[in-house]
Amino acid sequence: MQFDMISIGGGFSGLISACRAAELGLKVAVLEQDSSDRYPCSSRFTTGVSNIMGLAIMADPDHLYNAIIKGSGGAADPALARVFADNGKRAIAWLSEKGTRFIERALQKDQPGQRVLAPPRRLQAGLDWEGRGGDVTMRKLTEHILARGGTLLRGVKVTSLIVENGAIAGVEATRDGAPTRITAKAVVIADGGFAANRDMIAKYITPRADRVLCRVGPGAKGDGIAMAEHAGVAIGGFGKFYGHIHHINAMTIAKLWPYPHLDAIAERSILVDGAGKRFADEGLGGVCMANDIAALEDPLSSHLIIDDEMWRIEPKLTTTVAANPSMVNAGGPLITAGDLASLAGKIGVPAASLEDTVRVHNAAIASGDYSASPTPRSVHKYPPMPIAKGPFHAVPLCAGITGTMGGVVIDIHAQAQKQSGGAFPGLYAVGTPVAGLEGGPRAGYVGGLSKAFILGLLAAEHIAAAR
Ligand SMILES: Cc1cc2nc3c(=O)[nH]c(=O)nc-3n(C[C@H](O)[C@H](O)[C@H](O)COP(=O)(O)OP(=O)(O)OC[C@H]3O[C@@H](n4cnc5c(N)ncnc54)[C@H](O)[C@@H]3O)c2cc1C
């Protein structure tokens, strides 16, 4: 089997790279390890909100560029950030041209809204992908690839890269279990990162990898990063992840993930550790809090603390699936007590400590002075609410990893860089397993879909131009 270009992985990153390359006249193949017709992957499970650093992908490119640099705390490569910000609108236009449907979700008055893949997810607990935007768009892209003479091979798991004379020459793979060799002048790593690989999570995120939730499909094993590193490619940008906060029972009850998550209510309240103390800046948002939970010595030791009034208004705070009542209905109960000392007893933290933490929180809201707590509290984006009146509730938490950050170091064409410096001829990486766009101290998340949409196009166009 010989191709001009191969994508490793059949999610959006792999499909878009292959579709664009086929459109530019290349003979392409998408190699997907899963053999089922509707193989599970993040692209199929996605909620479909296309954004760049939380902003609408259609926003002014300079604004997006500044957001990437700021949000990543300087971790982003400025040249890559620039090309990324400049190509968001074009990626949406290209996808629309291919028949992808988006609905627009308003963010702020006078600002462009977020483009959400249509039809959008129904707002219900658990996985909900069939016939939704991700699923429909994947099938549409596949049709385009096949219509242009391209190939989608399911049940083909890539195991290593073939390198000849310092350049990519193809891949080794297993096809329905049997070894096979597929040659190509260019290979695009599009395997969705390593959220389902506990060894890599232990190496790059938390040693307690068994105590965080895998909030994606089973295929994200980090194969692409491992095989690239083995071939001499530079990797980096690890440490943080994109994810959300869940009820601890999501570790065992499938209906509790990917929705509902608890980000919206946690952003207004407090998280406490096993000592009853705050440990996260809740005002920085759910992704940052999920990282702080995962970084605890025991990532399954924290609780969200709220009062009954907050629980009642939770459905108004969230833009996705309300935890009240879907979390409880799906098997994630609240722990409730009439006063804070009793609540502390129920969750196993020192009563005096929890009472003091809540007192400091409420006093800071009343005075506007947040300096009394050793853990900082940002208040501008998500103004905190007092935990005022019983009954009080606690929710035991876990951190759900949706997308890993870090991976193959790439240039502005999504071309992999060698450990020894310079571009690796014929090798590209797109979507989740790349470095250079996100991370930093606040876990700035550039957007899983935008990484697939934009980098997929850039890689294909560079491969076609180099032919
Ligand atoms: C529940 C959920 C909601 C989300 N919501 C949003 C959202 O609203 N907005 C947003 O921007 N992002 C969102 N994301 C993230 C976004 O969907 C992903 O970042 C994006 O779809 C990743 O696409 P991908 O092609 O890189 O990876 P994937 O879609 O994961 O595809 C990778 C594919 O590679 C295959 N593969 C892996 N290893 C091999 C191998 N060795 N050989 C062959 N094939 C292999 C896998 O089986 C898989 O099919 C969400 C993710 C989830 C799970």
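Set side by side, the residues ASP135, ASP128 differ, and just one is part of a loop (DSSP other than H, G, I, E, B) and under 30 Å from PRO315 (Cα atoms), which is ASP128.
Residues checked against (1) at pLDDT 95 or above; (2) of a type in the set (Lys, Arg); (3) assigned to a helix (DSSP H, G or I); (4) in contact with an Asp or Glu (Cβ under 8 Å, 6 or more places away or on another chain):
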| residue | (1), (2), (3), (4) |
| --- | --- |
| LEU343 | yes, no, yes, no |
| ASP356 | yes, no, yes, no |
| HIS361 | yes, no, yes, no |
| SER373 | no, no, no, no |
| SER378 | yes, no, no, yes |
| HIS393 | yes, no, no, yes |
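Would you confirm, using the coordinates I've provided, whether SER35 is in contact with an Asp or Glu (Cβ under 9 Å, 6 or more places away or on another chain), farther than 14 Å from ARG139 by Cα and modelled with pLDDT of 95 or more? For SER35, the condition - in contact with an Asp or Glu (Cβ under 9 Å, 6 or more places away or on another chain), farther than 14 Å from ARG139 by Cα and modelled with pLDDT of 95 or more - is met. Here is a list: ARG132, ARG154, ARG121. Which entry is modelled with pLDDT under 95, buried (at least 16 other Cβ atoms within 10 Å of the Cβ) and within 20 Å of GLY217 (Cα to Cα)? The match here is ARG121. Listed conditions (1) within 16 Å of the ligand (Cβ to nearest atom); (2) closer than 30 Å to LEU334 by Cβ are all met by ILE454, apart from (2).
Taking the conditions exactly as written (touching a helix residue (DSSP H, G or I) at 6+ places or on another chain (Cβ under 9 Å), closer than 18 Å to ARG148 by Cβ and not in a loop (DSSP other than H, G, I, E, B)), does VAL30 satisfy them or not? So VAL30 fits the description; yes. How about the range 380-425: which of its residues are over 27 Å from the mean Cα position of the chain (by Cα) and not aliphatic (A, V, I, L, M)? Those that are over 27 Å from the mean Cα position of the chain (by Cα) and not aliphatic (A, V, I, L, M): PRO386, LYS389, GLY390, PRO391, PHE392, HIS393, SER420, GLY421, GLY422, PRO425. Among the residues of the range 8-49, those that are hydroxyl-bearing (Ser, Thr, Tyr), near the ligand (Cβ under 6 Å from one of its atoms) and surrounded by 22 or more Cβ atoms within 10 Å (Cβ to Cβ) comprise SER13, SER42, SER43, THR46. LYS240 fulfils the conditions (1) within 27 Å of GLY73 (Cβ to Cβ); (2) without any contact (Cβ under 8 Å) to a residue 60 or more places away in the chain; (3) buried (at least 18 other Cβ atoms within 10 Å of the Cβ) except for a single criterion, (2). Evaluated against (1) assigned to a strand (DSSP E or B); (2) touching a residue at least 60 places away in the same chain (Cβ under 8 Å); (3) among the polar types (S, T, N, Q), THR336 falls short on exactly one condition, (2). Looking only at the range 414-428, residues that are surrounded by 24 or more Cβ atoms within 10 Å (Cβ to Cβ) and either in contact with a Gly (Cβ under 6 Å, 6 or more places away or on another chain) or not in a strand (DSSP E or B) (or both) come to 1 in all. A Cβ distance below 6 Å, combined with a sequence gap of six or more or placement on separate chains, defines the contacts here; from the range 30-54, residues that are over 30 Å from ALA106 (Cβ atoms) and in the same structural domain as SER450 (by TED's automatic domain parsing) reach residues that are part of a helix (DSSP H, G or I) and more than 6 Å from the ligand (Cβ to nearest atom) in the pairs VAL30/ALA18. Of all residues in the range 206-229, those satisfying the criterion of being surrounded by 24 or more Cβ atoms within 10 Å (Cβ to Cβ) and within 25 Å of LYS255 (Cβ to Cβ) are VAL212, LEU213, ARG215, VAL216, ALA220. Selection within the range 439-462: residues that are over 17 Å from the mean Cα position of the chain (by Cα) and under 20 Å from GLY192 (Cβ atoms). The member of this set that is surrounded by the most Cβ atoms within 10 Å (Cβ to Cβ) is ALA459.
Select from the range 50-72 the residues that are more than 12 Å from the ligand (Cβ to nearest atom) and among the β-branched types (Val, Ile, Thr) and write down the one among them that is surrounded by the most Cβ atoms within 10 Å (Cβ to Cβ). Residue satisfying both the conditions and the ranking: ILE68.
Applying the set (1) of a type in the set (A, V, I, L, M, F, W, C); (2) touching a Lys or Arg at 6+ places or on another chain (Cβ under 6 Å); (3) over 16 Å from ILE401 (Cβ atoms) to ALA209 leaves exactly one unmet item: (3). In the range 236-250 there is at least one residue that is under 30 Å from VAL163 (Cα atoms) and touching a helix residue (DSSP H, G or I) at 6+ places or on another chain (Cβ under 8 Å).
Are any residues in the range 76-132 among the charged types (D, E, K, R) and closer than 22 Å to CYS41 by Cβ, and if so, which ones?
Listed by number, the residues that qualify are LYS98, ARG101, ARG115, ARG121, ARG122, ASP128, GLU130, ARG132.
Listed by first and then second residue, the pairs with beta-carbon distance under 9 Å, at least 6 apart or on different chains, first residue in the range 151-164 and within 11 Å of the ligand (Cβ to nearest atom) and of a type in the set (A, V, I, L, M, F, W, C), second at pLDDT below 95 and part of a loop (DSSP other than H, G, I, E, B), are LEU153/MET1; VAL156/ASP176.
Is it the case that THR159 is of a type in the set (S, T, N, Q), over 30 Å from GLY400 (Cα atoms) and part of a strand (DSSP E or B)? In short, no. When the range 429-451 is filtered for residues that are assigned to a loop (DSSP other than H, G, I, E, B), out of contact with any Ser or Thr (no Cβ under 6 Å at 6 or more places or on another chain) and near the ligand (Cβ under 7 Å from one of its atoms), the ones remaining, listed by number, are THR432, GLY447.
The values are calculated or read from the model by the stated rules, or taken from the named source; none is laboratory data. Computed from a prediction, not measured in an experiment: that's the story for all the values here. Glycine also receives a Cβ, built like all others from the backbone with ideal geometry; neighbour counts cover every protein chain displayed.
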